[in-house]
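Undergrad: Dropping a structure here in structure tokens format, bear with me for questions.
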Amino acid sequence: MRTAIGMTVTEHILEKQRENPEATGAFTRLLSELIVAAKIISREVNKAGIADILGYAGRENIQGEEVQKLDEFANRTIIERMSHIGQLCAMASEEDADLIEIPSKYPKGNYVLIYDPLDGSSNIDVNVSIGTIFSIHRKISSDEDGTLSDVLQPGYKQVAAGYFIYGSSTMMVYTTGQGVHGFTLLPGVGEFLLSHENIQMPQRGRIFSVNESYYNYWSENVQRLVNHFKSPDNKPAYTARYVGSLVSDFHRNLLKGGIFMYPADTRDPKKPHGKLRLMCEANPLAFVAKEAGGYASTGEKPILDIEPEELHQRVPLFIGSKEDVELAERYLSGEI
Ligand code: P6P
């Protein structure tokens, strides 16, 4: 594959299409439109808060337009842009309880898009990086219209996954199973340019990332694991970092190494499996982590092997540097 730092993401995707003889261009069309949606979301995120300065009052701005919450805006933007391109048979969003059908007036396609439109959106008000996470499966049902069976596929069947992170710069990180590649949006030009080619996650990190306020609600084995990461006996020692925005915590560990943990919470019987969602958060990031030489586990088994049962099912998540996540599994099994 002829790639070069600075090449556009569109050229990068087309290179992969050229390599794939049976590629029809459908996937390229899908990803290209998702990128347009992300650019629109990025622009809105980057001017968040300006509404207060420009006198947007309450739910309406000075033009009397409805001011949408950014996660609603992001969700609507993706639905509106992706519905008419004829590449999807259905969508599923973290923001929507049920499957999102493609309107009958639009042609259907052979892919399914599952996404979290704006993960970490509660951090917008304090200017912390947030992101859009996406997962793409091939349609498996025989109907023209997508069904839940097309969505509830195990993570190892994903054809592509990745995220957009809206931070000090806007980046796109994605994989199609041939490595993980990062692109940075060039302001003023509006193009994502290849900035991080074939990202490889360090096998052992020096960062552990977990919300320790839940310490008393974890199992004893999880408590022992986190105490291990805090031990002065580690050479080199670990340090703690927790942004509270999954895409930010994951992206930092992807580049620098480390483990992010969101363990099961024994406190809430309704949420025994923690807070994060399998389909639109854990699975796509697990695919990226695996392709970058990392690993993602529930603490007991690979995230990518889970046979999904419902759209918004939650899972405990241990994700990042392979050796750190495997160590987590050994602690949670009681082996150490
Ligand atoms: P907690 C943001 O609300 C989010 O969904 C993820 O982005 C983040 O990792 C997690 O929740 C933070 O949750 O319980 O630590 O505030």
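The values are calculated or read from the model by the stated rules, or taken from the named source; none is laboratory data. The structure displayed is predicted, hence computed values, not measured ones. Cβ: placed from backbone, ideal geometry, glycine included. Neighbour counts: every protein chain shown. Surface areas here come from the heavy atoms of the whole protein model, side chains and all, with no ligands, DNA or RNA. Shrake-Rupley method; radii C 1.70, N 1.55, O 1.52, S 1.80 Å.
Undergrad: Considering region 155-171 alone, what residues qualify as being modelled with pLDDT under 95 and under 17 Å from residue 119 (Cβ atoms)?
TA: Within region 155-171, just 167 meets the criteria.
Undergrad: While we're looking at this one, here's another question. Which condition breaks for residue 219 when tested against (1) within 22 Å of residue 306 (Cβ to Cβ); (2) hydroxyl-bearing (Ser, Thr, Tyr); (3) within 16 Å of the ligand (Cβ to nearest atom)?
TA: The failed condition is (3).
Undergrad: Regarding residue 165, is this residue farther than 22 Å from residue 311 by Cα and touching a His at 6+ places or on another chain (Cβ under 8 Å)?
TA: Yes, satisfied.
Undergrad: When both residues are 6+ apart or on different chains and their Cβ atoms are under 6 Å apart, which pairs have a first residue that lies in region 230-259 and is farther than 21 Å from residue 277 by Cα, and a second that is charged (D, E, K, R)?
TA: Sorted first by the residue in region 230-259, then by its partner, the pairs are 236/206; 238/206.
Listed here are the residues, each with its yes/no results for (1) within 16 Å of the ligand (Cβ to nearest atom); (2) surrounded by 22 or more Cβ atoms within 10 Å (Cβ to Cβ); (3) modelled with pLDDT of 95 or more; (4) not assigned by TED's automatic domain parsing to the domain that holds residue 135.
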| site | (1), (2), (3), (4) |
| --- | --- |
| 238 | no, no, yes, yes |
| 261 | yes, yes, yes, yes |
| 294 | no, yes, yes, yes |
| 303 | yes, yes, yes, yes |
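Undergrad: So, one more: I need a count of the residues in region 247-257 that are within 14 Å of the ligand (Cβ to nearest atom) and open to solvent by less than 10 Å² (accessible area, probe 1.4 Å).
TA: Qualifying residue count for the region: 4.
Undergrad: Among 265, 233, which is within 14 Å of the ligand (Cβ to nearest atom) and either within 27 Å of residue 40 (Cα to Cα) or outside the structural domain of residue 14 (by TED's automatic domain parsing) (or both)?
TA: Unique residue meeting the criteria: 265.
Undergrad: Here's another thing I want to ask about it. It is to be established whether one or more residues within region 3-14 are free of Cβ contacts under 8 Å to residues at least 24 places away in the same chain, assigned by TED's automatic domain parsing to the domain that holds residue 191 and not in a helix (DSSP H, G or I).
TA: Scanning region 3-14 turns up no residue that is free of Cβ contacts under 8 Å to residues at least 24 places away in the same chain, assigned by TED's automatic domain parsing to the domain that holds residue 191 and not in a helix (DSSP H, G or I).
Undergrad: Out of (1) over 19 Å from residue 163 (Cα atoms); (2) open to solvent by less than 20 Å² (accessible area, probe 1.4 Å); (3) acidic (Asp, Glu), what's the single condition that is false for residue 281?
TA: In the conditions (1) over 19 Å from residue 163 (Cα atoms); (2) open to solvent by less than 20 Å² (accessible area, probe 1.4 Å); (3) acidic (Asp, Glu), residue 281 misses (1) alone.
Undergrad: Taking strands (runs of 3 or more DSSP E) that fall entirely within region 161-215, which contain at least 1 residues that are away from the ligand (no atom under 16 Å from the Cβ) and touching a residue at least 60 places away in the same chain (Cβ under 8 Å)?
TA: Hits in region 161-215: 170-175, 180-186, 191-196.
Undergrad: May I ask you to list the residues in region 201-212 that are under 18 Å from residue 231 (Cα atoms) and not β-branched (Val, Ile, Thr)?
TA: Residues satisfying the conditions are 204, 205, 206, 208, 209, 211, 212.
Undergrad: Based on this model, can you work out whether residue 228 counts as under 19 Å from residue 264 (Cα atoms), out of contact with any Ser or Thr (no Cβ under 6 Å at 6 or more places or on another chain) and more than 16 Å from the ligand (Cβ to nearest atom)?
TA: In short, yes.
Undergrad: Filter region 24-47 down to the residues that are open to solvent by 40 Å² or more (accessible area, probe 1.4 Å) and assigned to a loop (DSSP other than H, G, I, E, B), then identify the one that is modelled with the highest pLDDT.
TA: Looking at the filtered set, the residue picked out is 47.
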